[in-house]
Amino acid sequence: MSTEHSAQSSPSAEPAEPTVARGEAAAGVRLDAVDLPVSARVPRPDAPLPRDRDGLRWRPATLADLGALHALDGRVASADHPLHVTSLSSMRQLLEMPGIDLERDSLVADEGDGQLVAWGLSFLWPVRESVVRVSVDGGVDPRRRGTGLGHDLVEWQRLRGEQHLSGADDVLPAVLAAGVEQEAESHAALLERQGFGPARWWSTLSRDLTRSVEAVPLDPAVRLEQYSTHREEATRLARNEAFVDHWGSQASTPEVWRMLVGAATFRPDLSFVAVAGGDDGEEKVVAFVLTTVEPEQWPAHGGRSAHVDYVGVRRAWRGRHLAQSLLATALARQADEGFELCVLDVDSTSPTGAVGLYERAGFTVAGRRAAYLREY
């Protein structure tokens with residue numbers, strides 16, 4: 001799950017600067033306006049399964065593969081993205097995401113006896129407001145790298161992604177999009193051979209919760225509430241407005257939003273909203289901080305960590321220190337509950353100045369991640 005303001009990890013030494021300046025779009029990556037439908041710009045290719053080799057069989061994934069996929073992704077994470085470990089429940093959520101057709105949008109390399117050594121998804125996001133986006137995810141078992149499996153997988157992902165785009169009649173920019181940790185050079189190389197390139201950098205930040213958390217007074221025009229299910233839709237609408245000016249952000253549908261706030265990992269007791277009356281007399285959520293907890297990530301983070309998935313403020317309510325106040329409230333609650341770290345991921349050039357907000361709250365950089373795009 002990505003977050004426009006979110007988190008993960010344990011403190012570490014400052015990594016070397018990436019080849020693209022932190023948070024800046026890479027040269028030539030603009031997602032410019034277009035004047036033809038995507039379907040007129042992207043011909044539909046064939047996307048056959050890769051050729052079986054070395055006793056391996058390529059096939060679509062099924063929900064019966066959940067355990068094997070989770071184990072494989074853990075091995076991939078140890079090499080490529082140790083700060084972003086996917087829990088079993090999150091893997092199930094990914095496979096069951098609305099709009100994913102596992103028969104056509106997934107691929108695994110099966111070596112028999114329930115062992116998988118490569119997996120991938122290439123699926124079309126259901127919301128298409130400013131861009132038509134196909135998400136590409138997956139990886140190859142570190143012990144089977146260097147045998148051509150990665151090339152076969154990423155090539156199939158590109159072709160399947162282009163099949164999705166060839167059926168989109170929207171007059172919008174179109175991209176295939178993948179996330180790559182700064183250290184995952186082999187993953188980046190595979191994507192670059194298929195025409196992807198780095199477009200944007202995110203920072204993974206970490207905050208030591210054994211250090212005191214300074215409270216930030218709440219604006220008296222709003223009321224603080226612990227998150228509850230009766231605020232689910234109001235919070236979704238606040239999220240969509242708060243992130244409308246963020247790079248690459250699309251509105252979250254009720255179905256996709258429910259995947260976050262309805263997940264076993266979501267912690268309403270560590271999540272807070274600020275509520276105020278609107279011009280129509282109805283109360284609305286004007287700011288929010290939402291937290292998840294995944295114990296499977298704790299070894300990589302170096303302690304019991306909580307993950308802030310979202311911090312957001314409606315545009316008309318910015319400048320009142322609501323984000324700072326809600327974040328401080330969440331951090332203090334996490335510390336009271338015995339968590340040792342808070343982690344989150346943030347766009348390094350967020351228009352709301354999010355990086356500065358988190359640095360002032362005591363967060364430090366623990367890692368960086370790039371969005372790799374192939375544009376059409």
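The values are calculated or read from the model by the stated rules, or taken from the named source; none is laboratory data. This structure is a prediction, so every number in the text was calculated from the model and none was measured. So basically every Cβ, Gly included, is an ideal-geometry build from the backbone, and we count neighbours across all protein chains shown. What goes into the accessible areas is simple: the full protein's heavy atoms, side chains included, and nothing from ligands, DNA or RNA. Shrake-Rupley method; radii C 1.70, N 1.55, O 1.52, S 1.80 Å.
Quick check: pseudo-label points 7 Å beyond the Cα along Cα→Cβ at Ser89 and Arg315, how many nm apart are they?
Output for this residue pair reads 3.5 nm.
Rounded to a whole number, what % of the accessible area of the range 161-310 do carbon and sulfur atoms account for, probe 1.4 Å?
It is 51 percent, rounded to a whole number.
Between Ser212 and Arg41, what FRET efficiency comes out of the Förster formula 1/(1 + (r/R0)^6) with R0 = 45 Å and r the beta carbon distance, rounded to 0.05?
With a Förster radius of 45 Å, E is 0.25.
For the range 194-258, go through all pairs of different Cα atoms, get the mean of 1/r, take its inverse, and jot down that Kirkwood value in Å.
Radius from the Kirkwood sum: 16.0 Å.
Can you tell me the FRET efficiency between Val127 and Arg304 if r is taken as the Cβ-Cβ distance and R0 is 41 Å, rounded to the nearest 0.05?
Result of the calculation: an efficiency of 0.75.
Take the range 112-160, compute every pairwise Cα distance, and split them into 5 Å bins from 0; I just need the percent in each bin.
5, 20, 23, 19, 14, 9, 6, 4, 1
Kirkwood hydrodynamic radius for the chain: how many Å is it when counted over pairs of different Cα atoms?
Result for the chain stands at 21.4 Å.
Among residues other than Ala370 whose Cβ falls under 9 Å from its Cβ, what is the net charge (Lys/Arg +1, Asp/Glu -1)?
That works out to +2.
Using the charge dipole of the chain (Lys, Arg: +1 at Cβ; Asp, Glu: -1 at Cβ; taken about the Cα centre), state which of Val108, Ala335, Phe363 has its Cα farthest towards the positive end.
Phe363
Grab the Cα-Cα distance for Glu283 and Glu103, subtract it from 0.36 nm times how many residues apart they are, and report the gain in nm with one decimal.
60.4 nm
Over the range 281-351, what is the relative contact order in percent, taking alpha-carbon pairs closer than 8 angstrom and at least six residues apart?
This gives 36 percent for the range 281-351.
When averaged across all projection directions, what area in nm² does the alpha-carbon convex hull of the range 252-376 cover?
Answer in nm², one decimal: 10.1.
Between Leu159 and His230, with labels modelled 7 Å along Cα→Cβ, what's the label distance in nm to one decimal, could you check?
For the pair Leu159/His230, the computed spacing is 5.4 nm.
How high is the FRET efficiency between Ala332 and Arg223 when r is their beta carbon distance and R₀ equals 25 Å, given to the nearest 0.05?
0.90
Where both residues lie in the range 106-245, what percent of DSSP beta bridges are antiparallel, nearest 5?
75 percent
I need the Debye-formula profile for the range 173-312: one equal scatterer per C-alpha, no solvent, reported as log10 I(q)/I(0) at q = 0.10, 0.11, 0.14 1/Å, two decimals.
With one equal scatterer per Cα and no solvent, log10 I(q)/I(0) is -0.47, -0.57, -0.88.
How much space per residue, in cubic angstrom, does the convex hull of the C-alpha atoms of the range 138-255 take up?
216 Å³
Let me have the relative contact order for the chain, percent, based on Cα pairs under 8 Å that are six or more residues apart.
After rounding, I find 29 percent.
Heavy-atom accessible area per residue, the range 94-181, 1.4 Å probe: how many Å²?
Per residue, the range 94-181 has an accessible area of 35 Å².
Determine ³J(HN,Hα), in whole Hz, for all residues of the range 130-139 in sequence, where each value follows from phi through the Karplus function 6.51 cos²θ - 1.76 cosθ + 1.60 and θ = phi - 60°; x replaces Gly and Pro.
Per residue, the Karplus-derived 3J(HN,Hα) values read 10, 7, 9, 10, 10, 8, 10, 9, x, x Hz.
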